[in-house]
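S.K.: Here you go, one structure.
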Amino acid sequence: MDLRSIGEAFIAWLQGLGIPQGWVLLINWLLGTLIILGFALTLALVLIWLERKLAGRIQDRLGPNRVGPFGLLQPIADALKLLTKEDITPADADRITYNLAPIIAVFHILMMFAVIPFADRVVGANINVGVLYLMAFGALGTMAMLMAGWASRNKYALLGGFRVVAQLFSYEIPIAMVMMIPVLLVGSMNLNEIARGQGSLFGLGWFVWVMPAAFLLYLVAALAEGERAPFDLLEAESEIVAGYNIEYSAMKFAWFYLAFFLNTWILSAVAATLFLGGWQGPFVDRIPALGVVYFFGKTFFMFFLFAWIRATFPRLRIDQMMAFCWKVLVPMSLALLLGAAILVKLGQQLAWPFAVTGGLLFVMNVVVLLVTLSLLGRYTRTLHQQQNKRLFTPELPRL
Amino acid sequence: MIAQQYGLVGVFALIAFLFPIVTLAFTWLIRPKRPNPIKQSTYECGIETVGDAWVQFRAQYYLFALIFVVFDLEAIFLFPFAVAFNKVGWFALFEAILFVLMLFFGLIYAWKKGALEWQ
Amino acid sequence: MVGQVLFILVAAITLLMALGAVVAKNLFHAALFLVGVFFGIAVLFILLDAEFLGVAQIVIYIGAIATLIVFAIMLSKNVMGKEAGAYNRNWYAAMAGAVFLFLLLAWLLLKAPFQMVSADVPADAITQIGQGLVGTYVVPFEVASVLLLVALVGAIMLARER
């Protein structure tokens, strides 16, 4: 029961047919691509149903329940509807850029699926720069949204495009610093190696136990990177109607919609891989196929968290959001990174046992988190006092 | 070895790029096409557009983008250091701390100068 | 063989994109062509087995620099959306400068004593880059941080002056 061995057996079978090595590789790549892409597109349908159903239940509604059992066929019905809808391109739009933007948006998110390790070495491309690769294609997504915002030639769209850049850029800094911590602990940017590095303690030696504050920080920054509430300012209905994709309809809108849901799933999968051990879990060394179960369990748990937060929290104001990133998350992520580097190096040089280093890391995380929270708490209290004094001219929050 | 892994990335990129194009072409075949000037006008909740949408933007956004570029470069410099972390000594750690602290002072400077305020 | 065909193909596309960036009338389109050029260069790096440089190219040049250029275009008054055109009355001087720069670079490339190495790229290339950054090349590494700090301070000073 090893997914890896099925692939190897398939390659051996192809070679046995007398096909030259180059063609075997090409067939292998093509099959891998089709499997992962097919999986990603099916996944999108499931995610849309799941999020709508969850949001419905959390907000005391039923959610989709008409098409098929439990409304399971609703996304398929939606997809068919979007396929056959009339596509309206605004007369003023810059046509080439306008049509290219949704293509790039889908392209960037699908590309990320190529490096996600679903189980031990069950991964499209096991590359050594996995973490940076994810950042690179994330940057391409920002470009796609900026293109959409500009090409629509609509004020809301352009404003949405600018907000995309301001928000995604800002939150990329803390997320990059926090993603560096698992890289530092393992000594590799390879996502599979990072998951493998969390195999101690019977497959439960996940980095979330030693770096809980880093995990929380990733969670918050990922909400912003995934354009999800409470950080969904770039598509705030009450302010800029729908943001950068306002002028898009039919299938082109569907592509942005799909990219949005898959982006959330990728962020969940990265959180699971970097902090929750990825495919690691008890008995995974004996039964490798269990890795798939563990990986999907953790990823969907993260997705559930994201959906829960989105269904619960109100939206922030843009000045609050930017200040929170640069004045709270960035210093906190730098402190966590430096603290982790110093403690791990101390542990290595003085040959502490792993438990001591881990314990100290945990204490460091708790201290950083508590200091941040107490500073934030003190700031909010003074803010409330100021607002009570001058009730009708509330000051802009300053930190 | 490296080329083998990127072969899949290349094939993947080709198909992932062609797939949305093919789908859009397919919907172009089956969807209705009945454009009219009102339908194609710029959407502003039913109100007619005043002026061009492509207006000049505030420099605030540019300032944040500049700060971002500086920190992004810092992250790129630190990633190889993080990978090599287990194989370097005290002195290297000290250098990396100096590197990060320098940027941290930059952040504090930006903070004090009010560059991080969103007006 | 396959590698060479791929290299020529990607290089040709990259050059075409560069040409597009120069002749595009709309500045935003020129910036998008530039993004294409950056992407092509990243692919060339990966074809040369320099994976770290390849992804760093995308992160920095597409993620940061290109977006900064797009921002600069959007922020300049009366430029956005207008047909700018690649020619003005100084184009002779610009052309002379470009040709001179090209000849200089070509001469340097031909003169430079490149060493051909047939060995494979080591598997731990990124680790070696990291060790080099804090070992042999520690001075450029620290100078880079000072440079970044100066850039940050300069940007804030310029933007605050309004």
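The values are calculated or read from the model by the stated rules, or taken from the named source; none is laboratory data. Here the structure is a predicted model, which is why all the values come from computation and not from measurement. Counting neighbours? That spans all protein chains shown, and the Cβs are built from the backbone with ideal geometry, glycine included. Heavy atoms of the whole protein, side chains included, go into the accessibility calculation; ligands, DNA and RNA do not. Shrake-Rupley method; radii C 1.70, N 1.55, O 1.52, S 1.80 Å.
S.K.: Using a 1.4 Å probe on protein heavy atoms only, how many Å² of accessible area do A and C hide from each other, summed over both chains and rounded to 100?
M.R.: The contact between C and A buries close to 2000 Å².
S.K.: At what distance in nm do the modelled label points of C:Phe7 and C:Asn88 sit from each other, each positioned 7 Å from its Cα along Cα→Cβ?
M.R.: The modelled label-to-label distance comes out at 4.0 nm.
S.K.: Based on the inverse mean of 1/r over its pairs of different Cα atoms, what is the Kirkwood hydrodynamic radius of the protein assembly as shown, in Å?
M.R.: After inverting the pairwise mean of 1/r, the radius is 26.8 Å.
S.K.: Could you tell me what fraction of 2.2 N^0.38 Å the Cα radius of gyration of segment B:61-119 comes to, as a two-decimal ratio?
M.R.: 1.36
S.K.: Give me the Kirkwood hydrodynamic radius of segment C:95-151, using the inverse of the mean 1/r over all pairs of distinct Cα atoms, in Å to one decimal.
M.R.: 15.0
S.K.: Let me ask something else about it. Considering all projection directions equally, how large on average is the shadow of the alpha-carbon convex hull of segment A:200-334, in square nanometres?
M.R.: 9.9
S.K.: Return the subset of A:Lys327/B:Lys113; A:Lys252/B:Lys33; A:Lys155/C:Lys25 for which the Cα-Cα distance in this structure is over 18 Å, preserving the input order.
M.R.: A:Lys155/C:Lys25
S.K.: Considering only protein heavy atoms and a 1.4 Å probe, what is the carbon-and-sulfur percentage of the accessible area of segment A:1-84?
M.R.: 71
S.K.: Could you work out the local net charge near C:Val121, counting Lys and Arg as +1, Asp and Glu as -1, over the other residues with Cβ closer than 15 Å to its Cβ?
M.R.: -4
S.K.: I've got another one for you. Whose amide H sits under 5 Å from the amide H of A:Val122, counting only residues 5 or more places off or on another chain, with H placed in the peptide plane?
M.R.: none
S.K.: Then there is this: Taking only complete DSSP H runs, can you tell me which helices of chain C stretch 15 Å or more along their own long axis by Cα positions and average at least 1.6 on the Kyte-Doolittle scale?
M.R.: Helices meeting the criterion: C:2-23, C:27-47, C:91-111, C:138-161.
S.K.: Using just the C-alpha positions of segment C:1-80 as equal point scatterers, what log10 of I(q)/I(0) does the Debye formula give at each q in 0.11, 0.15, 0.25 1/Å?
M.R.: Computed log10 I(q)/I(0) values: -0.32, -0.56, -1.11.
S.K.: What number comes out for the charge environment of C:Gly132, summing +1 per Lys or Arg and -1 per Asp or Glu over other residues with Cβ under 15 Å away?
M.R.: Charge balance in the 15 Å sphere: -2.
S.K.: Could you work out, residue by residue across C:21-34, how many beta carbons of other chains sit within 10 Å of that residue's beta carbon, and then give the average as an integer?
M.R.: 2
S.K.: Calculate the spin-label point distance for A:Phe202 paired with A:Leu370, positioning each point 7 Å from the Cα along the beta-carbon direction, and give it in nanometres.
M.R.: Spacing of the two 7 Å Cα→Cβ label points: 3.0 nm.
S.K.: What is the sum of charges around A:Leu83, taking Lys and Arg as +1, Asp and Glu as -1, for the other residues whose C-beta is under 15 Å from the C-beta of A:Leu83?
M.R.: Residues near A:Leu83 contribute +2 overall.
S.K.: Moving to a separate point now. Size of the dipole of the protein assembly as shown about the Cα centre, Lys and Arg at +1 and Asp and Glu at -1 on the beta carbon, nothing else charged, in debye to 20?
M.R.: About 1360 debye.
S.K.: Here's a follow-up. What relative contact order, as a whole-number percentage, does chain A give when Cα pairs under 8 Å and 6 or more residues apart are counted?
M.R.: 20
S.K.: Continuing with this model, one more query. Return the FRET efficiency for the residue pair C:Lys111, A:Asn65: r is the Cβ-Cβ distance, R0 is 51 Å, and the value is rounded to the nearest 0.05.
M.R.: 0.10
S.K.: Peptide A:106-117: average number of partner chain Cβ atoms within 10 Å per residue?
M.R.: Mean partner-chain Cβ count within 10 Å for A:106-117: 4.
S.K.: Taking Cα pairs under 8 Å and at least six residues apart, what relative contact order does chain C come out at, in percent?
M.R.: Rounded, it is 18 percent for chain C.
S.K.: Expressed as a fraction of 2.2 N^0.38 Å, the rule-of-thumb size for a compact globular protein of N residues, what is the C-alpha radius of gyration of chain A?
M.R.: After normalising by residue count via 2.2 N^0.38 Å, the value is 1.07.
S.K.: Would you work out the charge dipole size for segment A:226-330 about its Cα centre, treating the Cβ of every Lys and Arg as +1 and the Cβ of every Asp and Glu as -1, and quote it to the nearest 20 debye?
M.R.: Using Cβ point charges on Lys, Arg, Asp and Glu, segment A:226-330 gives about 320 debye.
S.K.: How far apart, in nm, are the 7 Å Cα→Cβ label points at B:Trp28 and A:Ile27?
M.R.: 3.5
S.K.: With a Förster radius of 25 Å, plug the Cβ-Cβ distance of C:Asp124 and A:Gln348 into 1/(1 + (r/R0)^6) and report the FRET value to the nearest 0.05.
M.R.: 0.85
S.K.: Calculate the dipole size of chain A relative to its Cα centre from +1 charges on Lys and Arg beta carbons and -1 charges on Asp and Glu beta carbons; express the result in debye to the nearest 20.
M.R.: In total the dipole reaches around 900 debye.
S.K.: Next question, about the same structure. Place +1 on the Cβ of every Lys and Arg and -1 on the Cβ of every Asp and Glu in the protein assembly as shown, take the dipole about the Cα centre, and give the residue among A:Leu346, A:Trp255, C:Gln131 whose Cα lies farthest towards its positive end.
M.R.: Highest projection toward the positive end goes to A:Trp255.
S.K.: Here's a follow-up. When you count, for each residue, the other Cβ atoms within 10 Å and take the mean per peptide, how do A:253-261, C:67-75 rank with the highest first?
M.R.: Packing order, densest peptide first, comes out as A:253-261, C:67-75.
S.K.: Return the single residue from A:Gln15, A:Gln280, A:Gln74 with maximal mean-square fluctuation; model: Gaussian network over chain A, springs between Cα atoms under 10 Å.
M.R.: Answer for the Gaussian network model of chain A: A:Gln15.
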